[in-house]
Amino acid sequence: MKGKYPYDYFKNPVIHKPIGEIYADIDAFSMEVFPDEVKKNTRVDMMIILPPLNYDGIVTKGIFLSQGTDYIYECYPDIGQIFHSCAFSMWSSYPWSKSADAYCVCYDNPKREAWFKKTNPDRADKILLPVQDADFTNEYFMAPTFNTPKEIDVFCIGRLSELKNLNIFAHALKVYHKKYGKKLKATLITGGEPNDALSKKEMQLIEEELGTVEDYLRIMHHVNHGDLPRYYTSSKLCVLPSLFEGKNRVIQEAASCNTGIVAFRDFNKYSRNEHPIFWGGDEGGFLVPEFSAESLCDTIHWGLMNYEYLKPRKHYLMNTGRKNLINKIVDMIPYYKENLPGYVPNKIQENLWVDLAMQDNYQLSFMDFLYGKNCAIQHITLLENKNSLMQFFYSRFGIEKSKPFVEFDKLPE
């Protein structure tokens, strides 16, 4: 990651600057993995959402998403012969990658796109995709669990970081008890122990808000990923207390599990413009009108009285999830309209040539590939894979290496 961390935006919903300066502030920080940052233990993921295909005399390129696109091109300079690359920043910023064919920019925001192209003429030809890696959520794994009672009033997932505003969530729980005479059944998953100065500080802020934390909030630092659908399903509401960050995976996962979201109305507002925080409007969740603990508390109260009327999963499946993501990306990259046999917009999952090619090349159907069934070529960690997948693709599609593959074992510690 590089750049200037936008601290001013984490707890301030109103920034008194021209919109161009705000866009510049957002783009001044990226959580991409850059080539000069890579060490032996660095995680560089490569998400292959469509592999290259060769069938009946026709070859088409695949598509991968990565937070470390420039490093992938540095390792495999010939990869563009068989893949289109889509960079993402894990943030609201437009990626900085110089090599990527396309940028995952989170939201459909025409004004921001126009500003970006005018301000960055050297990158104005990048395809801008209104998606993020979080949109690749598997909507059939992250789904409502059977016969699961709603035992948790409010559920929150957020690491112990200042941008997550967990102390405001904690304060809202305390206000709720005082204002409505009831202690909520609340659960927070942090994803890690408070083992450094910053996370310890955030934990201290929660303790200062609640006193005896256990009286108001169950904190779980580690939960198996496979157990998350049950936690989402058993919750009446899922609360997102942050004001500014990336697109946020929790929103996607909660909606996919048919759990309504409570989020501040001003969440990522400069990045989003009119793009919704969650799909479905009033059927998707509840927006907190003011950035305060009391406003959050009141919205939770209203939400708990009305959560049974929500239909978040219905709207999630209509707009996102893996089928929607792959179609959106394929439709926005002109190459596929021109080169994919039988191309029909928004229907790659019904494309007979694609399914025949998938079975012939990889011995599985396109849908099995998309949802990762018996598939080892969809998501790899580059340094752990040690070139084996690239060797497979280069060999299968006749790509000549222009330079030797990187010996990852020889990277610095």
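The values are calculated or read from the model by the stated rules, or taken from the named source; none is laboratory data. These numbers come from a predicted model, not from an experiment. Quick reminder, even Gly has a Cβ in these numbers, built from the backbone with ideal geometry, and neighbours come from all protein chains shown. These area figures cover heavy atoms from the full protein model, side chains too; ligands, DNA and RNA do not enter into them. Shrake-Rupley method; radii C 1.70, N 1.55, O 1.52, S 1.80 Å.
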Next on the checklist: Six or more apart or on different chains, Cβ atoms under 9 Å: show the pairs whose first residue is in the range 7-33 and free of Cβ contacts under 8 Å to residues at least 24 places away in the same chain and closer than 18 Å to ASP266 by Cα and whose second is open to solvent by less than 30 Å² (accessible area, probe 1.4 Å) and part of a helix (DSSP H, G or I).
Outcome noted: ASP25/TYR9
Next on the checklist: Suppose we filter the range 271-284 for residues that are buried (at least 21 other Cβ atoms within 10 Å of the Cβ) and in a helix (DSSP H, G or I); how many remain?
Outcome noted: 1
Next on the checklist: Filter the range 172-193 down to the residues that are more than 17 Å from HIS225 (Cβ to Cβ) and assigned to a loop (DSSP other than H, G, I, E, B) and list them by number.
Outcome noted: GLY181, LYS182, LYS183, LEU184, LYS185, GLU193
Checklist entry - Do you know which of the residues in the range 11-45 that are open to solvent by 20 Å² or more (accessible area, probe 1.4 Å) and touching a Pro at 6+ places or on another chain (Cβ under 8 Å) is modelled with the lowest pLDDT? => result LYS40
Checklist entry - Taking the range 172-202 on its own, how many of its residues are closer than 20 Å to SER234 by Cα and open to solvent by 30 Å² or more (accessible area, probe 1.4 Å)? => result 4
Item to check | For LEU317: the one exception among (1) open to solvent by 50 Å² or more (accessible area, probe 1.4 Å); (2) hydrophobic (A, V, I, L, M, F, W, C); (3) within 27 Å of PRO229 (Cβ to Cβ); (4) without any contact (Cβ under 8 Å) to a residue 60 or more places away in the chain | outcome: (4)
Next on the checklist: Being assigned to a helix (DSSP H, G or I) and within 30 Å of ARG230 (Cβ to Cβ) is the requirement here; does LEU287 meet it?
Outcome noted: no
Item to check | Some residue of the range 65-82 being touching a Gly at 6+ places or on another chain (Cβ under 7 Å) and buried (at least 22 other Cβ atoms within 10 Å of the Cβ) | outcome: yes
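State yes or no: is ASN268 open to solvent by less than 10 Å² (accessible area, probe 1.4 Å) and either modelled with pLDDT of 95 or more or over 24 Å from ILE15 (Cα atoms) (or both)?
So ASN268 passes the test.
Condition check ((1) modelled with pLDDT of 95 or more; (2) crowded, with 16+ Cβ neighbours inside 10 Å; (3) charged (D, E, K, R); (4) out of contact with any His (no Cβ under 7 Å at 6 or more places or on another chain)) across all residues:
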residue: GLN204; (1), (2), (3), (4): yes, no, no, yes
residue: GLU214; (1), (2), (3), (4): yes, no, yes, yes
residue: ARG218; (1), (2), (3), (4): yes, no, yes, yes
residue: VAL223; (1), (2), (3), (4): yes, no, no, yes
residue: LEU228; (1), (2), (3), (4): yes, yes, no, yes
Item to check | Check on GLU32, within 16 Å of VAL105 (Cα to Cα) and either among the acidic types (Asp, Glu) or in contact with a Phe, Trp or Tyr (Cβ under 7 Å, 6 or more places away or on another chain) (or both) | outcome: yes
Checklist entry - Failed condition for LEU364, given (1) among the aliphatic types (A, V, I, L, M); (2) over 18 Å from ASP135 (Cβ atoms); (3) touching an Asp or Glu at 6+ places or on another chain (Cβ under 9 Å), with all others met? => result (3)
Item to check | Matching strands (runs of 3 or more DSSP E) fully within the range 1-74 where at least 3 residues are under 22 Å from the mean Cα position of the chain (by Cα) | outcome: 45-50, 62-66
Item to check | Flag for GLU214 being in contact (Cβ under 8 Å) with a residue 40 or more places away in the chain and either on the phi > 0 side of the Ramachandran plot or not in a strand (DSSP E or B) (or both) | outcome: no
Next on the checklist: Quick test for you: out of SER199, SER161, pick the one residue that is closer than 21 Å to PRO6 by Cα, small (Gly, Ala, Ser) and in contact with an Asp or Glu (Cβ under 7 Å, 6 or more places away or on another chain).
Outcome noted: SER161
Checklist entry - Is at least one residue of the range 329-349 touching a residue at least 12 places away in the same chain (Cβ under 8 Å), over 29 Å from PRO95 (Cα atoms) and open to solvent by less than 20 Å² (accessible area, probe 1.4 Å)? => result no
Checklist entry - So which of ASP360, ASP368 ends up being of a type in the set (D, E, K, R), free of Cβ contacts under 8 Å to residues at least 60 places away in the same chain and more than 25 Å from ALA102 (Cα to Cα)? => result ASP368
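Checking the condition outside any helix (DSSP H, G or I), hydroxyl-bearing (Ser, Thr, Tyr) and modelled with pLDDT of 95 or more, which residue from TYR343, TYR307, TYR316 passes?
The match here is TYR343.
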Checklist entry - Among the residues of the range 355-387, which ones are in a helix (DSSP H, G or I) and either closer than 22 Å to THR137 by Cα or open to solvent by 60 Å² or more (accessible area, probe 1.4 Å) (or both)? => result ASP355, LEU356, MET358, GLN359, ASP360, PHE366, MET367, ASP368, PHE369, LEU370, LEU382, GLU384
